[in-house]
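To start, the structure itself, in structure tokens.
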Amino acid sequence: MAGVHFTFNNFKALLELNIGISQRLDENRAESFTLLYCDFSDVATDNITQSLATTLRSSDSIVNYDMDYYFVLPYTDKYGAEVVKQIFEDIFEKPIPGFLISYPVDGENANELLETIQNSVALFLKNDLNYLDRFLDEENV
């Protein structure tokens with residue numbers, strides 16, 4: 001088990017890829033994938049690397065911006081993503097600030113998903129994710 005790590009610059013393209021795959025393969029348009037945000041600022045980097053390798057599936061994708069981590073979990077609903085977050089909390093032995101959204105329930109395209117996660121994290125966790133604005137300024141494919 002281990003997720004695939006992508007550079008932050010590819011975050012929007014990664015979301016668009018997962019949306020495209022979901023549209024091609026998921027006829028019932030259920031929660032095709034869930035985007036899990038975790039703030040690992042209170043966790044040692046070495047611990048993060050080890051926990052990702054043991055917790056995530058090879059089909060899961062990881063993108064991070066400093067200590068803000070985003071996990072794209074295909075064919076995982078919000079309940080399943082919450083289980084992943086709980087595993088992280090058990091490994092680190094502390095609560096991890098996080099939020100999760102699902103496609104297409106919380107957004108029909110990459111821009112909507114990015115706006116939803118940005119606004120939700122700002123509202124509920126008081127974390128500023130303004131660095132996501134760079135993707136929102138781009139045209140949606």
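One table, with the values for the structure above:
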quantity: Ellipsoid equivalent to the stretch 44-91 - semi-axes via the Cα gyration tensor, in Å; calculated: 17, 13, 10
quantity: Extreme residue, positive dipole direction of the stretch 4-136, given options Leu14, Tyr70, Gly98 (C-beta unit charges); calculated: Leu14
quantity: Spin-label pair Ser41/Asn119, simplified geometry with 7 Å Cα→Cβ offset, distance in nm; calculated: 2.3 nm
quantity: Spin-label pair Ala2/Asp90, simplified geometry with 7 Å Cα→Cβ offset, distance in nm; calculated: 2.2 nm
quantity: Taking Glu89, Glu138 and counting other C-beta atoms within 10 Å, the order from fewest to most; calculated: Glu138, Glu89
quantity: Relative contact order (percent, whole number), the stretch 4-136, Cα cutoff 8 Å, 6+ residue spacing; calculated: 29 percent
quantity: Tilt relative to the chain, helix 11-25 - C-alpha long axis, 0 to 90 degrees, to 10; calculated: 60 degrees
quantity: nm² value of the averaged projected area, convex hull over the Cα atoms of the chain; calculated: 7.8 nm²
quantity: Excluding exposed DSSP-loop trypsin sites (Lys or Arg not before Pro) (at most 12 other C-beta within 10 Å), longest clean stretch of the chain; calculated: 30-125
quantity: Residue order, fewest to most beta carbons within 10 Å, for Asp60, Asp137; calculated: Asp137, Asp60
quantity: For the chain, built as a Gaussian network whose Cα springs stay under 10 Å, the top-fluctuating residue of Glu82, Glu115, Glu93; calculated: Glu93
quantity: Gain on full stretching of the segment that runs from Tyr75 to Ser59 - 0.36 nm per residue minus C-alpha separation; calculated: 4.8 nm
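Values in this text are rule-based calculations from the coordinates and carry no lab data. Bear in mind the structure is a predicted one, so any value in this text is a computation, not a measurement. Note: ideal-geometry Cβ built from the backbone for every residue, glycine included; neighbour counts use all protein chains shown.
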